[in-house]
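First comes the structure, then the notes that go with it.
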Amino acid sequence: MPATPAAAQTATHPGFSLSTGYGYGSLTCAQEYCANQQGAIAGFLTVGKRLSEQLVVGVGSHAAYIPVDDLTLMVSGIAQYAPAGVPQLNLTAGVGMGWTDVSNTGSTGVAWVVGVGYDLPLGGSTALRPFVNYMSIAQTGGATNVIQLGLALGFN
């Protein structure tokens, strides 16, 4: 079996995993007080415990912010999975609570997130990770959906 080049491997260590990412978000709000789609500043922060080379479980916060008057925030339990054949690939899923505030009118609901990222090793246990996430918050009267696209920094 051929060896994988060191530059293609992301070093992983037992213990905690931390990643944070920022980028652009497309926020769609289907509430009676905000039926529109807008561009937003988007980001996330996740902290987790590495259970194996392929699995991290923890908590995460995902947000989308439109500077005028809209904010969507989600806090959830998350799981990140790296398939054995492609350890740089990160598949993320989570479920929790979400909150949307538009012009001081807020609503909460059950939220979920799915995403994918690809680690580009920087050295040691640090990696740069392009990512795309989709989050949705089911609320009374409609839903809020966000697609996040950006770049993350991960510490494994």
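For the reader, a short list of remarks on this structure follows.
- Any chance Pro121 is at negative phi, assigned to a strand (DSSP E or B) and touching a residue at least 24 places away in the same chain (Cβ under 8 Å): yes
- Scanning the stretch 36-56 for residues that are surrounded by fewer than 19 Cβ atoms within 10 Å (Cβ to Cβ) and more than 13 Å from the chain's Cα centre (by Cα) gives Asn36, Gln37, Gln38, Gly39, Ile41, Lys49, Arg50, Leu51, Ser52, Glu53, Gln54, Leu55.
- For the stretch 124-156, a residue qualifies if it is assigned to a strand (DSSP E or B) and of a type in the set (S, T, N, Q), and the qualifying residues are Thr126, Asn133, Ser136, Gln139, Thr144, Asn145, Gln148.
- Considering the stretch 105-117, and only residues there that are in contact (Cβ under 8 Å) with a residue 12 or more places away in the chain, of a type outside the set (Val, Ile, Thr) and over 19 Å from Leu128 (Cα atoms), the residue that is surrounded by the fewest Cβ atoms within 10 Å (Cβ to Cβ) turns out to be Trp112.
- Residue in the stretch 3-19 that is under 14 Å from the mean Cα position of the chain (by Cα), more than 22 Å from Leu149 (Cβ to Cβ) and at pLDDT 90 or above present: no
- Residues within the stretch 20-51 that are under 19 Å from Leu91 (Cα atoms) and either among the hydroxyl-bearing types (Ser, Thr, Tyr) or modelled with pLDDT under 75 (or both), tallied: 3
- Some residue of the stretch 86-101 being of a type in the set (A, V, I, L, M), crowded, with 17+ Cβ neighbours inside 10 Å and touching a residue at least 12 places away in the same chain (Cβ under 8 Å): no
The values are calculated or read from the model by the stated rules, or taken from the named source; none is laboratory data. Predicted model only: the values in this text are computed from it and were never measured. All Cβ positions, even for glycine, are placed from backbone atoms using ideal geometry, and neighbour counts span all protein chains on display.
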